[in-house]
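Visitor: I have a structure I would like to understand better, so I am pasting it below and will then ask my questions one at a time.
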Amino acid sequence: MKQLSQNCERGSSLIVVIMVVAFMLAVGVALLTITGTAPKVAGSVRNQEEAFNTVEAGFDAARIAVENNFFDGTWTNLPDNCLQTPTGIDLPYDANYFRKKTDAELVADPAAGGIPLPTATNGVIFKDQPFINNATDLTRTYTVFLIDDEADTAHGAVPDPSDTLMVCIGVVRAGNRILSTSRLEILIGIQIGGTNP
């Protein structure tokens, strides 16, 4: 009888060893996956921070450009200098409305499916401006344009010549591929005729 019970228990230690090895293998695979993913996440966070820094620089440069346009008399109000092409970009109910477009669509080359934003005219203050004052380095660029936030008069918007929406988009690229974008939308106003906006 004793010999029969010893034969039944004989393979149990092998099963325990196999289970321990399988558990340790699963933990090892999980650690490899986590350590392999961490650099990718860190790179993505770094690209997002660089895109945000780029968009902040774009806002600062655009604010100075707008102020200079008013000081030298080139501009007399904001809505006349807002982006109006493509048609509907400033109308919330239109398919071309800028908030319905991704940052990549707004800054991409029209040949690659992007929105055909005019270059530095008709509401575009900067188009693919390099973050660093080196025209050949297009890895970090910003695009800044003005949108008339009261353009949709058909749906009850009341025009206001003293304010507009400045949209700044910062882009980090590797070659032609967009790695990360960041967008700021800031309502800017001017003083008209001695009144505060």
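Visitor: Only one residue in TYR97, TYR93 is surrounded by fewer than 16 Cβ atoms within 10 Å (Cβ to Cβ) and in contact with a Leu (Cβ under 7 Å, 6 or more places away or on another chain). Which one? Full working, then the answer.
Guide: Values: TYR93 fails: in contact with a Leu (Cβ under 7 Å, 6 or more places away or on another chain).
That would be TYR97, the only listed residue that is surrounded by fewer than 16 Cβ atoms within 10 Å (Cβ to Cβ) and in contact with a Leu (Cβ under 7 Å, 6 or more places away or on another chain).
Visitor: Tell me, which residue of the stretch 45-62 that is farther than 9 Å from THR181 by Cα and hydrophobic (A, V, I, L, M, F, W, C) is surrounded by the most Cβ atoms within 10 Å (Cβ to Cβ)?
Guide: Looking at the filtered set, the residue picked out is ALA62.
Visitor: What are the residues in the stretch 63-90 that are assigned to a helix (DSSP H, G or I) and surrounded by fewer than 17 Cβ atoms within 10 Å (Cβ to Cβ), if any?
Guide: ARG63, ILE64, ALA65, GLU67, ASN68, ASN69, PHE70, PHE71, ASP80, listed by residue number.
Quick note: the coordinates plus some simple rules give every number you see, no bench work behind them. Predicted model, so just to flag it, every value in this text is computed and none were measured. Every residue, glycine as well, gets a Cβ built from its backbone with ideal geometry; the counts of neighbours run over all protein chains shown.
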